[in-house]
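Working notes, beginning with the structure itself.
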Amino acid sequence: MNPKAYINLPVTNLGRSRAFFEALGFAFDDRFGDETALGMTINQSCFAMLLTHDKFAQFTPRPIADAGKTTEVLIALQVESRDEVDRLVEIGLAKGGSSPRDPQDHGFMYGRALADPDGHIWEVFWMDPAQMPGKE
């Protein structure tokens, strides 16, 4: 099985969200966007739809969580190196994101959390399975 993942996230300002994620290096496919939505490519198998609150509400009968006050999802992105973790998080912080917790360094795995301008938490991490405890 090789499913593709589509993450739908409510955002308050599409232009601000686009600028934030473009600065991190993500691309947008404007064929899947309009004044209510942006189609963002994370990689060849994972995509995000950034939706205005009105558009997002069309897909769920539940109230939209205020991601700045509650955690409704943690989106984890594995990158190629510790330096890449730091580089992406620092760009995100400079573009209006925030850091909801201290970095976590477990030796074989290093990660930092970045909250986007709407409060959604992106866990950016690097891992070397060969260095995992118990591996010989």
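The values are calculated or read from the model by the stated rules, or taken from the named source; none is laboratory data. Note that the structure is a prediction, hence the values are computed from the model and not measured. Here the Cβ is made from the backbone with ideal geometry for all residues, glycine too, and neighbour counts use every protein chain on show.
Report, by residue number, each residue of segment 53-76 that is closer than 24 Å to residue 98 by Cβ and touching a strand residue (DSSP E or B) at 6+ places or on another chain (Cβ under 7 Å).
Looking only at segment 53-76, we keep the residues that are closer than 24 Å to residue 98 by Cβ, and these are 53, 56, 63-76.
Once the filter is applied, which keeps residues that are closer than 24 Å to residue 98 by Cβ and touching a strand residue (DSSP E or B) at 6+ places or on another chain (Cβ under 7 Å), segment 53-76 yields 53, 56, 64, 71, 74, 75, 76.
So, residue 57, is that one exposed (fewer than 15 other Cβ atoms within 10 Å of the Cβ) and within 16 Å of the chain's Cα centre (by Cα) or not?
Numbers: exposed (fewer than 15 other Cβ atoms within 10 Å of the Cβ): yes; within 16 Å of the chain's Cα centre (by Cα): no.
No; evaluated as a whole, the condition is false for this residue.
Could you list, ordered by first residue, the pairs with Cβ atoms under 8 Å in which the first is in segment 111-123 and of a type in the set (Phe, Trp, Tyr) and the second is surrounded by 20 or more Cβ atoms within 10 Å (Cβ to Cβ), at least 6 apart or interchain?
122/92; 122/113; 122/114; 122/115; 122/116
Pick from segment 16-36 the residues that are of a type outside the set (A, V, I, L, M, F, W, C) and closer than 20 Å to residue 66 by Cβ: which of them is surrounded by the most Cβ atoms within 10 Å (Cβ to Cβ)?
To start, the set of residues in segment 16-36 that are of a type outside the set (A, V, I, L, M, F, W, C) comprises 16-18, 22, 25, 29-31, 33-36.
Now restrict to residues that are closer than 20 Å to residue 66 by Cβ: 16-17, 36.
Values: 16: 15, 17: 24, 36: 14.
Going through the qualifying residues, I end up with 17.
Out of 20, 32, I need the residue that is in contact with a strand residue (DSSP E or B) (Cβ under 9 Å, 6 or more places away or on another chain) and either at pLDDT 95 or above or not assigned by TED's automatic domain parsing to the domain that holds residue 114 (or both). Which one?
On the way: 20 fails: in contact with a strand residue (DSSP E or B) (Cβ under 9 Å, 6 or more places away or on another chain).
From the options 20, 32, the qualifying one is 32.
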